[in-house]
Amino acid sequence: MTADYETIEIQKSNSVTTVIFNQPEKMNPVGASLINELHQVFDQIESDSDTKAVIITGRGKAFSAGGDLNTRHKTPADGKRFTRHIGNLVKKMQKIEIPIITAVNGYCLGGGWNLIMGTDVIIASESAVFSQPFANFGLVPDCGGTFFLPRMVGPMRAKEIIFTQRKIGASEALELGLVTEVVQHEQLMQRANEWAEIFLNSSKTATGLAKSLINQSFKEDLDSMIELESTAQILARQSEEHKEAVLAFINKRKSKS
């Protein structure tokens, strides 16, 4: 993963891939270049057998201020294709069987927020601010925002957040269940790496299957989920990580997986 990127920086250490939105002077807008580069990066991550966790964060005072308002589409069809292109990235991050930790360092607005709303762990700096300012520009939430937000806070609260476009601070985001936890700003990346360490010491197979099952549960009924769990459990039991963990338990030693 040594390519040069225009909008992001990639760091790789100890099976953790960190993706940094790297246009701080523009507040890390969600534009075509960012989305294209993220597609490329997540394709590489998916094929990288060594990566066991991903961290996404932003550089500067914003995680992302949302969509790039300088983006102009020649036709409505071009605009629709671009919105789908972003949506396909959101689906790709949902489907990848590697946990994604988002470290929100500041402003997290509109499409920038919706892009990561479905990631697996969201850690917010105490200075983070969330908002859905679409209506101010005569737009509707995209990037999966109308899917994830009602499921996280309920439809009534989701409408209130979208209709009012109000700013939500880190502490309220935690109360609403929009983030996993809130930490002091200077501890943000340390905490993100501590979460990554949890996944490094866990079964990659089991973590990936659990992520897939939880995400699939939004679309299935109980009967279907029980069947999917049964299939996943068979796969987990066949993994070398499970076999090693059982041997470690029997021999009263720490598992290597």
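For residues that are part of a loop (DSSP other than H, G, I, E, B) and closer than 20 Å to LYS95 by Cβ, scanning just the range 132-147, find the one that is most open to solvent (accessible area, probe 1.4 Å). Among them, the one singled out is ASP142. When restricted to residues that are over 26 Å from PHE148 (Cβ atoms) and either aromatic (Phe, Trp, Tyr) or open to solvent by less than 100 Å² (accessible area, probe 1.4 Å) (or both), the range 232-257 contains 18. Residue check, THR7 against (1) under 29 Å from GLU126 (Cβ atoms); (2) open to solvent by 80 Å² or more (accessible area, probe 1.4 Å), all met but one. Which one? Going through the list (1) under 29 Å from GLU126 (Cβ atoms); (2) open to solvent by 80 Å² or more (accessible area, probe 1.4 Å), THR7 breaks only (2). Looking only at the range 221-231, count how many residues are farther than 22 Å from THR119 by Cβ, surrounded by 10 or more Cβ atoms within 10 Å (Cβ to Cβ) and not charged (D, E, K, R). Matching residues across the range 221-231 total 3.
Could you pull out the residue among ASN70, ASN88, ASN14 that is polar (S, T, N, Q) and modelled with pLDDT of 95 or more?
Details: ASN70 fails: modelled with pLDDT of 95 or more; ASN14 fails: modelled with pLDDT of 95 or more.
The match here is ASN88.
Residues checked against (1) open to solvent by 60 Å² or more (accessible area, probe 1.4 Å); (2) assigned to a helix (DSSP H, G or I):
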site: VAL182; (1), (2): no, no
site: GLN187; (1), (2): yes, yes
site: ARG191; (1), (2): yes, yes
site: THR205; (1), (2): no, yes
site: GLY208; (1), (2): no, yes
site: ILE214; (1), (2): yes, yes
site: LYS219; (1), (2): yes, no
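Tallying residues that are more than 16 Å from LEU109 (Cα to Cα), under 21 Å from the mean Cα position of the chain (by Cα) and part of a helix (DSSP H, G or I) within the range 148-160 yields 4.
The values are calculated or read from the model by the stated rules, or taken from the named source; none is laboratory data. No experiment lies behind these values; they were computed from the predicted model shown. In this analysis, Cβ positions are derived from the backbone assuming ideal geometry, glycine residues included, and neighbour counts consider all displayed protein chains. In case anyone asks, the SASA skips ligands and DNA or RNA and just uses the protein heavy atoms, side chains included. Shrake-Rupley method; radii C 1.70, N 1.55, O 1.52, S 1.80 Å.
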